[in-house]
Amino acid sequence: MTWQIPEDEEKAGWLLLKSKLFSKISDEITLVLPKGCDEQCFRWFQILEEDDFRFDLRYTREEIIERINYPEVLFFFILRDKIPEILVLGYKLPDSETPLFYLDTLAVRQRGRGIGDIVMQFLIQRARSKQYHAIILDTEEKDEKGIPLQRFYEEHGFKTIARTESGDLTMRLDLTKKAD
């Protein structure tokens, strides 16, 4: 298992993520933390977007590059046998008066095995350890496959704070309250 943890990160959280994922995936898994968005990185992003996102929600390479240059970016893939299984892209909201983490992209190929729950628990714990006040994300009630995205986030404590007429949602998890 290749698992290079960034030097500026708390190792315990990453090792717990690795252990929990290995118990679910139980194949060779590799953590990749790209420094930029080369062709391979962009292809992995596309593979996961093709599985999980409507065409109008997919990013161009330029949009990915823009986002990975935001402050305090968290950008990683987890590969299983060299195939992308998990994608996370998030960053500190640049214009916020309080430290808010924006979860831009969370994609998990294998559904129904608890892998998304493991990743979300890791992201919440990491955001707490980095002293963010909240995690913000945009999603839909259900995606085009009927997967209940809103419910997934609600199960992790997120609350809907805005809803558009088209059904898009902005959700927030307050991290200033003590964990249950």
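Results, tabulated for the structure shown:
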read-out	value
Residue in the stretch 72-92 that is touching a residue at least 12 places away in the same chain (Cβ under 8 Å), closer than 21 Å to residue 8 by Cα and charged (D, E, K, R) present	yes
2 or more residues closer than 15 Å to residue 136 by Cα and modelled with pLDDT of 85 or more: qualifying strands (runs of 3 or more DSSP E) within the stretch 47-123	83-92, 100-108
Filter pass, residue 117 being surrounded by 20 or more Cβ atoms within 10 Å (Cβ to Cβ), in contact (Cβ under 8 Å) with a residue 12 or more places away in the chain and acidic (Asp, Glu)	no
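The values are calculated or read from the model by the stated rules, or taken from the named source; none is laboratory data. For clarity, every value in this text was computed on a predicted model and none was experimentally measured. Cβ coordinates were reconstructed from backbone atoms using ideal geometry, including for glycine residues, and neighbour counts include every protein chain displayed.
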